[in-house]
Every structure is written in C-alpha cells, then in structure tokens.
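Before any comments, here is the structure.
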Amino acid sequence: MKGDKREEQGPGPETVAPQQPTEDEEALIEFHRSYRELFQFFCNNTTIHGAIRLVCSKHNRMKTAFWAVLWLCTFGMMYWQFGLLFGEYFSYPVNLNINLNSDKLVFPAVTVCTLNPYRYPEITEQLKELDSITQQTLLDLFKYNASTLEAQPRHRRDVHPPLPHPLQRLRVPPPRLEARRARSSASSVRDNSPEVGRKDWMIGFQLCNQNRSDCFYQRYSSGVDAVREWYRFHYINILSRLSDTSLSREQLGNFIFTCRFNQAFCGDGNYSHFHHPMYGNCYTFNDKNNSSLWMSSMPGINNGLSLTLRTEQNDFIPLLSTVTGARVMVHGQDEPAFMDDGGFNLRPGVETSISMRKESLDRLGGDYGDCTQNGSDVPVKNLYRSKYTQQVCIHSCFQENMVKECGCAYIFYPLPEGVEYCDYRKHNSWGYCYYKLQDAFSSDRLGCFTKCRKPCSVTNYELSAGYSRWPSVTSQDWVFQMLSLQNNYTVSNKRNGVAKLNIYFKELNYKANSESPSVTMVTLLSNLGSQWSLWFGSSVLSVVEMAELLFDLSVITFLMLLRRFRSRYWSPGRGAGGAREVASSPVSALPSRFCPHPTSPSVPQPGPTLPPSLTAPPPAYATLGPCLSQSGSACAPGEP
Amino acid sequence: MHVKKYLLKCLHRLQKGPGYTYKELLVWYCDNTNTHGPKRIIREGPKKKAMWFLITLLFASLVCWQWGVFIKTYLSWEVSVSLSMGFKAMDFPAVTICNASPFRYSKVRHLLKDLDELMEAVLARILAPESSQANATAAMNLSMWNYTPLVLIDERDPHHPVVLDLFANDPTGSASSSPGPRGACNAQGCKVAMRLCSLNGTSCTFRNFSSATQAVTEWYALQATNIFSQVPQRELVELGYSAERLILACLFGAEPCSYRNFTSIFYPDYGNCYVFNWGMTEKALPSANPGTEFGLKLILDIGQEDYVPFLASTAGVRLMLHEQRSYPFIREEGVDAMSGTETSIGVLVDKLQRKGEPYSPCTVNGSDVPVQNLYGSYNTTYSIQACLHSCFQTQMIASCQCGHYLYPLPRGQEYCNSRDFPDWAPCYLALRMSEAERETCIRMCKESCNDTQYKMTISMADWPSEASEDWIFHVLSQERDQSTNVTLSRKGVVKLNIYFQEFNYRTIEESAANNIVWLLSNLGGQFGFWMGGSVLCLIEFAEIIIDFVWITIIKLVALAKGLRQRQAQARYAGPPPTVAELVEAHTNFGFQPDVGHRSPDAEAYPDEQALPIPGTPPPNYDSLRLQPLDVVESDSEGDAV
C-alpha cells in the first residue's frame, strides 16, 4: 500500500510537470501504460469492495464478467437507494409526537351573546319604515296580516319613498338575464326535475349594477328565508347609518344575572363588551383585557364558569331574530370570537353543561409544512386587532376585496381605514356587487383560501354538551322570586325567561400534538453512509479515491492527446517516435474507452504476453518507464 | 458444432474444479476478502490468530443478531401516523333526513286496523286484568296473532308463577288461572312477556321485559314488520311522508334549493328518507367557508299528529351526515333533532386513512371480503355496516329460510312473515341474541381503508322565537297550503343548520414507519460498523462456498471413482493399473492447461513462475502461506512490469 502510494504520487507531479517539456516521450510512455495499470492499481488498492475481484479473478473470464456485472448492479442499486434517500429527505417528512400533558390550564375566553342585536323599542324609530314595508309585502305575498308586528297606519307607507330591491314572487324558470345564467351555471345547486306547479314560485329580489345594465335575482325557495334575508339586507343598510353611540349600551346585569367562576363571584372587571350586528350584545369573559387570567386547576362542573342568562324574548326584533336563547363561544384569549363559525346555542329554560377538552397542534412550518408563524408573511392585512388565525385572514381578505370591488365595507367585518360601511343610499349597487363577490368567494375565485395559510400553532377546544331542564318545577318558584328581587326581573313566561350555562374542563390533561422532522441532515448522512457501506463497504475517502482516479484518467488522456498532436505535427520526422506511438496506441486507446469492465475479457489476452516479456528481450517501453520514474523496488522483480 | 465445443469446454472446466484445495481456498479467501477481520486470522501468530478468530466470530454473530432484530422490526409492518388539522374548502357531507314515523297513520290505518284493535284490548287487559273485556276481544280474529302471543306472568308467588295469556279467547281460562285478589299488580309482581314458540308450539321460551311499555312496543314492531313485509315496496313509499310535505324550506349557502334536490331512499323502519348532496348523479357541492351562512339550512315539518301511535313514540327528525355515495345507516348512526327548536350542527370531518395490507387489515372496496354485499344495488361504496348487515341477512336466510324485513334481500329470497314462515320470530330473536353469530360477522367484515367520520357539535335554541312565531308560521302555511290560517304548529317544525366549524378537517394518515430503504440502510450500517463489510463481501462469501461445494463434488467423484477402481482391483485381483492409466486419469482433469490458467492468479503466479526454474517438486502449501507479505509487493510490481 505504501509503495503504491509512492508510485502513484511519483508519476503525477514529478513526471508530468518537470519531464514533460524535455522528455515527453518517456512521460507519455509512463502514462500510456497506466491506462490499464491505473485500473489494476486502483482495483487492487482501493477501499471499494469488489474492485479487487475484478483484477485478481482475471484468469477466469467467467468470474471477471460475473464480478463486473455484480459490481455494476450494486452500483446501480446504491444509486437507486441514494435517490430514494434524497427523495425522502427533500419531501421533508415529519414525525408526529403526541403528548398527554396534565397541567394547570388557562381557562379559555368565553363569549356570550344575546342573539338579538337591539331591543325592539330602542330601534323602532329606525326600523319603522322597513317594518311597514315588510308588513305590506307579507300581506301581498302571503296574505298575512301582521297584527303582532307594530301596526302602522296604512297611509304612512305612501309617505315614504319605496325601498329599492322590492321582494317579488318569481316564476321558475324566471326570465333569465345573462348575468343570472352565468351565475346559475357557476352555482351547482340545480333542480333535479323542474316542473310546473304551485311550488315553482320562488321569492327573491332583484339586484342591479350601477347603470342597471346587468341584473339578477337573489332567489329563495322559501318565503321564510327570503323575507329574513331581504330584511337582513335592508337592516345592514340601516345599521350602517347608525352611529355606534346612538344606542345605549346594555348593562351586564340586564343579560347576565349571576356569574361565578371557581365558586367565586365575577363581575365588571372580568369581561369586555362588544356589539355584534346580528348576535347583539356580546360579553367576553376572561379575554386578554381581564385583570388576571382565570386558571383552572381542577376539572369538573364546580370549577368552571357558571352563568345565569336572561333569555326573555318579548323585545326581540321579530323579523330578524327568529331564534331564542343565547349563543356562546369558547375561543383563545387573543382570538376574535366568530360567533357564526364556532358558536353554540343555548335553549331557554334549560341548563346547558358544556365540557371542554383542549387539544393543541404545533406544526414545524418552513420546509416541513405550509403554515405561517404569526401571519406576517401572508399578503393580507389583518383588520382585526388580534392574533393571526386563518379565519381572521379570510375575513380580512374578503373585506379587502369588498372595498376594492364595491367601494365600501361589509358591516359584519371590521372597517379598514378611510372606508365607510355599505349603504345603498351612497353605494346604490353594493348589493349586486356583494352577492357577486360572495359567489366568487365561495368558489374561491378570490384566492382567499390560497392566500391565507394555516397558522403553525392551533389550539382547539372540543366541546360536548348535556342538557337538563332548569329550574326544576319545585325550585322554580324561589329561583324566580330571587331573580325578581335582585335583578328587578319578573319572568312572565316562567321557564323560558332564563337559561343556565356551565362551562368547565372535562379533564385537565390535554393532548399536545407536535411535529419533529423525521429525517434530519444527520440521519440522511448516516443513511447514505450505511448504504454506501452496505453495497461497497466504502466511505467518503473511497469517493475521494474515485475522484482521484477520474483526475488521473483525465490527465493521462490529456497527455496522450498532447503527445499524439506533437508527434503528428511538431516532430513528424522522428520515425522511431511515430512507430512507437502506433504500437502503443491500439493497446492503450481501446481499453481507455471501455475500461474497466467491458474490456476485461480482452485483458487476459495481453496478460499471457507479459510473462514472455520477462524472459525475452524486454521492449523498450516496458522497462524504461518504471526505471526512469522510479528507481528501486519497482524494477526489481523485472530484472532478475 | 460450436455449441458442442463450448459445452465440452464448460464440462472440462467444471471437471477441473476451481483449482484450489480447501486450505488454499480458505487462506486465499481470508487474505483477499474485504471483510475486516479474516485477514488478521491468517497473518499473525497462533495466539493472536485464535483471538482474532474469536473476535471475528463474535462480531459476525453480533451482526447476525442485529440483522435479525432489524428484519423482525421491518416485518412487523409498523406504521407511523401524521395528523393535520385546519380548514379547507371541502365537499359538503351528504345529509340524510328521516321522519321519526315511517308512515302516515291516516294512510296505513287500514293495514293496521286489526292490530291496533288488538293492541287496545291488550292494553286494557294489562291495565285491568281481572275485568277483562271479553266482549272486545272475542269478536276479533286472533288466529293471525297467535304465533307470538303476549303473556302476563304473575310472579307474586315466586314458586308458582302464573302465566296468563293476554290473547286467550275465553275469559274463563284466565279467570281460573288467576283466582284470588288481583288487586294492584306492580311491575315487580307481574311481568309482560313474549312467548316464542317454534316447531308448531312444542318448544316455547319467554322473553321477559321489565316494563310493559317495552314489551308492547317490541311486540307491536314485530307484528307491524309482519304486515309491512307483505306490502310491495312501491306502495310503502306512497304510504310515507313525501318530500314536498316534509321539506318546507331549503337554503344552501346563498343558493336556493328545494325538495327536488333531495334523493329519496326507502327505509323499512323510517319510511321515506331524503338525502341531500348524495353525489350519485351530480357533483358534490363544496362549502368554502365555516359558519351558518355557508351551510345548509332546512325547515322541516314532521307532522306529528299523523304519527303511527304504537310504532313511533319519538317525535322529531332523525338525521345523519355521511360521505357522498355511501349508504346511510340512519338507524345505527343517526342523531335526532327535536321539534320546535333550531338544531345547529357544526361539522368536523375526521378522516382516517389506513395503509392497507400488510400494515393494517382493511379493505379498499370490499371486494376481498367474503360476504356478499346486499347493498350493492344502491350503487354505494363499501362500509363495515353494509357488510355486517349483509352478513346478518345471509345468516338469517341460512337459519330461518327467510330474510328480515329491515335488510335488503338477496336474489330469489323473500321476507319473513308469519303466514309462510311461522317460526321466524323465535328464530330471528335467537339469532339476534347469539353472540357467536355476531362474532363471525365481525371477524369476516373488514374495516374500509378510507374511513370518514363526521364529528358534530350539536346545540339547540328555541325556534321560532315568540316575537317571530306568528309571521313565520303564516308564511310557511301560506306557502305550503295556500291558507291564510296557520296550519303548522310548534310541535311540527324543525329547523336545522348544518355548517362547517372553524376547523373542519382532521386527517390521520398512516405511512410505513420502516421502508425498504430504512432496512437496507440499517443492515449496511451494522455490517459496516462491526465488520466493515458490504453486500459484495456476502457475495464473496457465497463464491467461496460455491467453490467449496465444487471441490467437494469433484473430490467425491474422484473418491467414488477410486472406490470403484479399488473394487475392480479387488475383484479381478489382476495387475495394478499401469502408470499410463494413472497419468491418463490425471490428464483427464486437465492439469496441463490448469498450470497456465492458475499462474496469473494473485498469489500462485509469482511462485509458479519462480519455482519451475529451480525445478523443485510441487510446492508445499505451507510455504505458500507464509509468504503473502512479500507476495503482495512483488505481485503489484510484477503486474506493473
């Protein structure tokens, strides 16, 4: 090994560099012979397994071929496996770790809403006109004479100018306009068998664009839906004209009679209030404004939040609030409450016990998954003053598009700066624009769902509920007595006026799912090394050996070409040099192209010719090379 | 000709052998193998040799042990799971809704007339057994119901329980069997039971109930099954609630929908059910956003006043969310919604994707399950419920010769009824109770690989509110019946909101924990770590083994030949074989070319070359072994020359 190294080093720098200008012939002879020799030397001395067999089994052609094929096969196998390993690494797989932690838990924020935006007497003034027109519509379309709605004198309707977008009864199929057709083809709800009958009337209202060139009908199959949606549409307009301060804010005591957390009283310091245009007055307990966050150190119904709520429904807006009860939602401290998405309804006269279980998921992000850490890299401006969540982003995205397309903001989402809420008195075609936009949004033509990426860490509260009647028949008398004494609230409709809510942790251990990369750089290298070792038993140094071989090959080839070029053009008169060149080239050039494996059958042929060379008068090139380049042991076996 | 020559050559080559002896082969192997360790065995002194031999052996066994562990781990087909959770636009689930009452009482009254009268009489008897209204029952034709009569077991005297047939035609029988004070017979004392008789009433068993309500309901359901199984399904569909009556309003997102968007499906125990968004003929509807505004809103009228009194004691709507193109097993997996309320259902889609064989036992489309899928006619996908039901029906047909009314029929079979199959009821109940039969079904049916479940968060609020009640009922009545009066009531209307939650999917996906790359990497790592070996080393080893076998065979052949020759010698006792013969025997093995061929070999070559010159006798192999250190050097230079 040592001797070989010396020999290997010798020809490289010494013979090539200094001798070439003066004695290029010798140097070339040295290298010419090395094509074969180089391979033999390489095969004998490399640390790559199997290579040695190629050489030492050369007396047996069958074996040589066998080993050559084998060597190629394992080579192929190795690179196939390498491909798989790299493919696996660059797909960035993750491992899921599930931890069941048991710890003191921060109680989540709880938002409770009244399900009725305004007390009817307070807002009657604003809704008077709309209500009277709705009554007229109900009378016209459904022969319903609204006696319970506040009866308005008939003549007042004539005083007001008619509202835009009147509710109409439509025939199916209606006289379709171009836009409507486009819309309905985009929508996928289709009637299975349109037929004519009394059911084929649809209720809807017409929406047109700015210059009334394009109109479509927003249609509903049922009058209840139609009236409610239509009323809601107008209500949005009225609402946008109202300033926030014009209506007095409700007192907590009017909606929440009792509040207890962990058996302790909770009051004004523990909640914050906001007003939702549909769900009414909402009170968020334990949000980030809370003086100190509530902690839950024990599971169970006695260690949670317990509320008694007023669900009196006499002053509901009849055409808007069709549902009685309250709506509650459990969410993270710095997340906004989307009552629509995750809300939970409470029935009046019923005690609802909601048990929670926490579950969190932490993604790795980056290359390992498409998620965002804090939303700063999402091309949507966060309109909510809260943490990034996917819903926050989607709502902001919709509002952004709304402002861009329609020039005004949708009232259910926060207001961007310098924009005002939609009102058909100012933006007379916003309804048309809004419904078009919503259709595009639902079918994701706005790209909101691709723009808004998932947050990397997600906390989820799994809710399950149980119901029981409350108060019981025997206890209701004193309960109502107490309520009327303390809160000045006389329950007229007995049970239906109150509801009770308990929210608590079912168990304090929560599931934390987290991810970790399953293939790291270290594992990849270790696997590569293992594979390399498995197929060839070699290491990084073997790769260097291979590189060296390639380098040597290229150097030899270069020298060969250089020499041939010189012998042909530079010194054509030197016959001896030319003859030697001719003699040497077929032996050297051919194997160099196909070496080592396919030519290995041809290797034994020159092999037997070598032994005679030892006894016969040695050819000039055979003895000259080693002796010139290397004095000593290299020539020793040849000479005796 | 060439082939023959070639084959002959091959034969000669094979006869010649690899050209080594055992020892030579071993030494050669140890010297030339790439596995670390064996080289040391032949290099050093005897003590170190032994030590190296032991160490090599130890490490080889370590490698074998580790390989065993890895291969065992690989063959245990472990899976790792990945979980993802969040929101994405997904296909809205198919929604199946059923009225709790299968039929409208006004339409089926004529079918159930006899049964109802009997029921009333029975109830009267249960309530007041001593004053049995003989005149009421006597008029009825009881023969039809006698197959599984209801009996009253008086257990007030635990040693002499008195069995009282509630259908007994003559009241004297009951009177004689129950003398003394009847008085108040409470539930502990008197039990209502079903008498199940088979084989023409020769072997009877009693099925006990703790409450008369349960007994009567069960018995009525059994008898009603009997009646309805004889009515063709086409007529049964007519008897149930029509979609037009049931579905008052429907809104999906902002799009209107109506009863025509629902696909009708008939259930024997729930009558007409309607599936929204089943995806059978048209594409499934997607929902892009969470919240009620983007979900399905339904207003239903269950028509409670037209319920079949003894058959449907629950009032409300039964609904179920399921995958597109899957059969809704509403009896098993449905939930109920109350009338007079708005039921909000937030949906979380829970998907479990199994890896399949051999990682976890599951089936992709049920084709490899040994149970004929009777729900195939519905053109639905495989589910384990379908398989269990089909399995039960198959068992039922095998043991009772008729199919149960609740499950689909295989070709050429018919439903059970008391007239044609008098023993079916005991047979069915026995089968239903049988633990073993259920076990076989569960064992045969495999879970499907892609399992989708819809987790629902259900909440309720009163609907309509008092303030809006009036106009809502008016509008709905006007729409349905064109009447200016309210034809609906709070007892009948149900409102459903079905929508996606803020997180609408959770996917659990299995993937192979250990793949073949992992296995090979670890095998290679261990082999490389302990012995510096690779696959090629294994092949080297295999080569040596083949050479060993080769030599052995040649030796055996030679031995056999020698034996025969010796026998021949012994038999003939003639002159010994001549030298020429022996030489011939040797030359047959082709020693002549062998020298030439063996000479280029790594070790032998220089020695062979060197030795003939002095003309010494053939080399002693011990001397060969001692030389390799020099040989390696001279070898490389010899080649270089």
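The values are calculated or read from the model by the stated rules, or taken from the named source; none is laboratory data. The shown structure was predicted, so the numbers you read here are calculated from the model rather than taken from an experiment. Cβ coordinates were reconstructed from backbone atoms using ideal geometry, including for glycine residues, and neighbour counts include every protein chain displayed.
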Whether any residue in segment A:521-542 is more than 9 Å from chain B (Cβ to nearest Cβ) and surrounded by 18 or more Cβ atoms within 10 Å (Cβ to Cβ) is what I want to check.
yes
I'd like to check something: does segment B:477-495 contain any residue that is part of a strand (DSSP E or B) and more than 14 Å from chain A (Cβ to nearest Cβ)?
no
Give all pairs with beta carbons closer than 7 Å in which a residue from segment B:390-403 that is assigned by the TED database to the domain that holds B:Ser198 and more than 18 Å from B:Lys446 (Cβ to Cβ) meets a residue that is assigned to a helix (DSSP H, G or I) and not aromatic (Phe, Trp, Tyr); count only pairs at least 6 apart in sequence or on separate chains.
none
Tell me, which strands (runs of 3 or more DSSP E) wholly within segment A:297-350 include 1 or more residues that are in contact with a Lys or Arg (Cβ under 7 Å, 6 or more places away or on another chain) and within 9 Å of another protein chain (Cβ to nearest Cβ)?
A:344-346
Residue in segment A:430-443 that is farthest from the other protein chains (Cβ to nearest Cβ), counting only those that are small (Gly, Ala, Ser) and surrounded by 20 or more Cβ atoms within 10 Å (Cβ to Cβ)
A:Gly431
Against the condition at the interface with chain A (Cβ under 8 Å from one of its Cβ atoms), buried (at least 19 other Cβ atoms within 10 Å of the Cβ) and within 30 Å of B:Phe59 (Cβ to Cβ), how does B:Leu520 come out, does it pass?
yes
From (1) under 37 Å from the mean Cα position of the chain (by Cα); (2) buried (at least 21 other Cβ atoms within 10 Å of the Cβ), pick out the condition that doesn't hold for B:Thr263.
(2)
Restricting attention to segment B:211-258, and to residues there that are assigned to a loop (DSSP other than H, G, I, E, B) and in contact (Cβ under 8 Å) with a residue 40 or more places away in the chain, which single residue is nearest to B:Gly303 (Cα to Cα)?
B:Tyr241
State whether one or more residues within segment A:438-449 are under 26 Å from A:Arg232 (Cβ atoms), touching a helix residue (DSSP H, G or I) at 6+ places or on another chain (Cβ under 6 Å) and assigned to a loop (DSSP other than H, G, I, E, B).
yes
If you check A:Tyr384 against the conditions, is it more than 30 Å from A:Ile301 (Cα to Cα), within 13 Å of chain B (Cβ to nearest Cβ) and assigned to a loop (DSSP other than H, G, I, E, B)?
no
Just give me the residues in segment B:293-312 being under 36 Å from the mean Cα position of the chain (by Cα) and modelled with pLDDT under 85, in sequence order.
B:Leu311, B:Ala312
Any residue that is under 22 Å from the mean Cα position of the chain (by Cα), over 24 Å from B:Asp91 (Cβ atoms), small (Gly, Ala, Ser) and surrounded by 19 or more Cβ atoms within 10 Å (Cβ to Cβ) - is there at least one of those in segment A:389-396?
yes
Considering segment A:447-492, residues that are more than 10 Å from chain B (Cβ to nearest Cβ) and of a type in the set (A, V, I, L, M), and then whichever is surrounded by the fewest Cβ atoms within 10 Å (Cβ to Cβ), we arrive at A:Val473
If you take the residues in segment B:71-120 that are modelled with pLDDT under 85 and crowded, with 21+ Cβ neighbours inside 10 Å, which one is farthest from B:Trp219 (Cα to Cα)?
B:Phe87
So which residues in segment A:424-437 are touching a strand residue (DSSP E or B) at 6+ places or on another chain (Cβ under 8 Å) and outside any helix (DSSP H, G or I), if there are any at all?
A:Ser429
I'd like the full set of residues that are of a type in the set (Ser, Thr, Tyr) and facing another protein chain (nearest Cβ under 10 Å), limited to segment B:242-299.
B:Ser258, B:Tyr259, B:Thr263, B:Thr281, B:Ser287, B:Thr292
Which is crowded, with 19+ Cβ neighbours inside 10 Å, in contact (Cβ under 8 Å) with a residue 60 or more places away in the chain and β-branched (Val, Ile, Thr), of B:Val475, B:Val371?
B:Val371
Could you please find all residues in segment A:48-70 being part of a helix (DSSP H, G or I) and at pLDDT 75 or above?
A:Arg61, A:Met62, A:Lys63, A:Thr64, A:Ala65, A:Phe66, A:Trp67, A:Ala68, A:Val69, A:Leu70
